[in-house]
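Note sheet for the following structure.
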Amino acid sequence: QVQLVESGGGLVQAGGSLRLSCVASGRTFSRAVMGWFRQAPGKEREFVSKINRITYYADSVKGRFTISRDNAKNTVYLQMTSLKPEDTAVYYCAAQEVGAQKFDYWGQGTQVTVSS
């Protein structure tokens with residue numbers, strides 16, 4: 001059974017930092033595209049960042065967030081700095097296996113709240 005488990009969310013003041021982690025189990029995702037998405041209250045889920053051999057970022061987080069992965073630990077990270085209140089959301093980890101057309105594995109999410 002494939003599981004993605006996020007951690008590292010919490011409450012932080014604007015300008016602060018957090019590092020999210022996502023541990024995958026049940027399968028090795030070393031070749032998969034790993035991504036982070038977020039959903040704020042009343043809004044649709046949106047793309048934040050993804051990593052394969054290169055990284056991609058939403059314009060809203062470019063320069064502030066950094067995605068990385070440790071394949072030996074089957075873990076992907078999202079380092080978030082210079083956080084803003086508009087970054088408040090539930091953050092989800094996702095995996096897109098080789099050959100898949102979409103992200104087909106999702107974590108349960110971790111809440112990030114940025115106070116002003």
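The values are calculated or read from the model by the stated rules, or taken from the named source; none is laboratory data. Since the model is a prediction, treat every value here as computed from it, not as a measurement. Cβ: placed from backbone, ideal geometry, glycine included. Neighbour counts: every protein chain shown. To get the accessible areas, we keep the full protein, side chains included, count just its heavy atoms, and leave off ligands, DNA and RNA. Shrake-Rupley method; radii C 1.70, N 1.55, O 1.52, S 1.80 Å.
Counting protein heavy atoms only, the chain has 46 percent of its accessible area on carbon and sulfur, 1.4 angstrom probe.
The relative contact order of the chain comes to 36 percent, based on Cα pairs under 8 Å that sit 6 or more residues apart.
Note on the chain: antiparallel DSSP beta bridges, both residues inside, total approximately 90 percent of the bridges counted.
Both radii are taken from the alpha-carbon atoms of the chain; with Rh as the Kirkwood radius, Rg/Rh is 0.95. For the set 46, 86, 6, the ranking by accessible area, highest first and with no ligand, DNA or RNA atoms included, is 86, 46, 6 under a 1.4 Å probe. Normalise the Cα radius of gyration of the range 36-100 by 2.2 N^0.38 Å (N = residues in it) and let me know the number. It is 1.14. Surface exposure of the range 8-60, expressed per residue as accessible area with a 1.4 Å probe, stands at 60 Å². Any lysines with Cα under 24 Å of the residue 84 Cα? List them, leaving off those in the same chain fewer than 8 positions away. Leaving aside lysines fewer than 8 places away in the same chain, those within reach of residue 84 are 43, 50, 62. All other residues with a Cβ under 11 Å from the Cβ of residue 33 taken together, and with Lys, Arg as +1 and Asp, Glu as -1, what is their net charge? Residues near residue 33 contribute +3 overall.
Ranking 91, 72, 23 by how far each Cα lies toward the positive end of the dipole of the range 11-97 (charges on Cβ) leaves 72 at the top.
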